[in-house]
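Right, one structure below, let's go through it.
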Amino acid sequence: MAKPSPDTYPAFFKKYVDTVPEEDLPTAFANQLPVITALLNNITEEKSNYAYAPGKWTLKELLQHMIDTERLFNYRALCFARKETVSLPGFDEDAYAANSNANARNWNHMLEEFMAVRRSTELLFTSFSPAMLELSGTSNNNRATVISLGFITIGHVYHHKNIIQERYLS
C-alpha cells in the first residue's frame with residue numbers, strides 16, 4: 001500500500017497527500033490516530049462552540065465536516081473498489097456544514113462518532129486487496145484510485161488538525 005503518485009488523484013488533493021509523512025497506508029492510519037485523538041480530547045464542550053472569526057465554522061462544525069468527508073471518501077473508495085462505472089457526485093462542504101446540526105450536538109458524542117468512523121475507515125481499507133487499491137473511478141468529474149482516497153482521507157484530517165492548532169487553539 002505505497003503512497004500514490006500525483007497522477008492517480010486530482011491535483012487539488014496533492015496538498016492533503018503531501019501532509020502524510022508515511023509511505024504505507026496502514027502505518028499512516030495507525031500513526032495518525034493517537035495524534036488526532038490527543039488534540040480533539042483536549043477540547044472542552046465550551047471551546048467546541050468557538051469559531052475564530054465571524055462566518056467561520058465552530059470546532060463542532062469542523063469536526064462534523066471531518067466526519068462527513070471521511071464517510072464520503074470511504075463511499076467513493078468502496079464504489080471504485082467495486083468497479084462502479086457511474087461518476088459519483090461531488091458535495092458542497094458549506095451546505096453540509098450548514099445542515100449538519102453540529103452546534104446542537106455534544107462534543108464527546110461527536111468524538112465517539114469520529115473514532116467509530118475512523119475505525120470503519122481502517123477496516124474498509126484493510127479489506128481491499130492490492131488489486132482493488134489500484135482501481136480507479138470518477139467523482140465530481142475527477143479520476144482517483146482507491147489507495148489515493150486512503151491517503152487523501154488521512155491528509156484531510158492532518159490539514160484540519162493544523163487549522164485547529166493555528167486558528168482555534170493559538
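Can you tell me which residues in segment 31-45 are free of Cβ contacts under 8 Å to residues at least 12 places away in the same chain, exposed (fewer than 13 other Cβ atoms within 10 Å of the Cβ) and part of a helix (DSSP H, G or I)? Within segment 31-45, Pro34, Ala38 qualify.
So that you can scan it fast, the table gives a plain yes or no per residue for (1) surrounded by 15 or more Cβ atoms within 10 Å (Cβ to Cβ); (2) more than 24 Å from Leu33 (Cβ to Cβ):
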| site | (1), (2) |
| --- | --- |
| Lys47 | no, no |
| Tyr52 | yes, yes |
| Leu63 | yes, no |
| Leu72 | yes, no |
| Arg76 | yes, no |
| Ala98 | no, yes |
| Asn101 | no, yes |
| Leu111 | yes, no |
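When Glu122 is tested against (1) under 24 Å from Val35 (Cβ atoms); (2) in a loop (DSSP other than H, G, I, E, B); (3) touching a helix residue (DSSP H, G or I) at 6+ places or on another chain (Cβ under 9 Å); (4) not β-branched (Val, Ile, Thr), exactly one condition is not met: (2). Just a yes or no: is a residue in segment 76-90 among the polar types (S, T, N, Q) and out of contact with any Ser or Thr (no Cβ under 6 Å at 6 or more places or on another chain)? Yes, segment 76-90 contains at least one residue that is among the polar types (S, T, N, Q) and out of contact with any Ser or Thr (no Cβ under 6 Å at 6 or more places or on another chain). Within segment 91-116, residues that are part of a helix (DSSP H, G or I) sit with their Cβ atoms under 6 Å from residues that are loosely packed, with under 13 Cβ neighbours inside 10 Å and acidic (Asp, Glu), at 6+ positions apart or across chains, in these pairs: Trp107/Glu45. Only a single criterion out of (1) under 27 Å from Pro10 (Cβ atoms); (2) surrounded by 18 or more Cβ atoms within 10 Å (Cβ to Cβ) is not satisfied by Phe91, namely (2).
Laboratory data are not the source of any read-out in this text; all were calculated from the coordinates shown. None of these values were measured; they are calculated from a predicted model. Because the Cβ atoms are built from the backbone with ideal geometry, glycine has one as well, and the counts that use them run over all protein chains shown.
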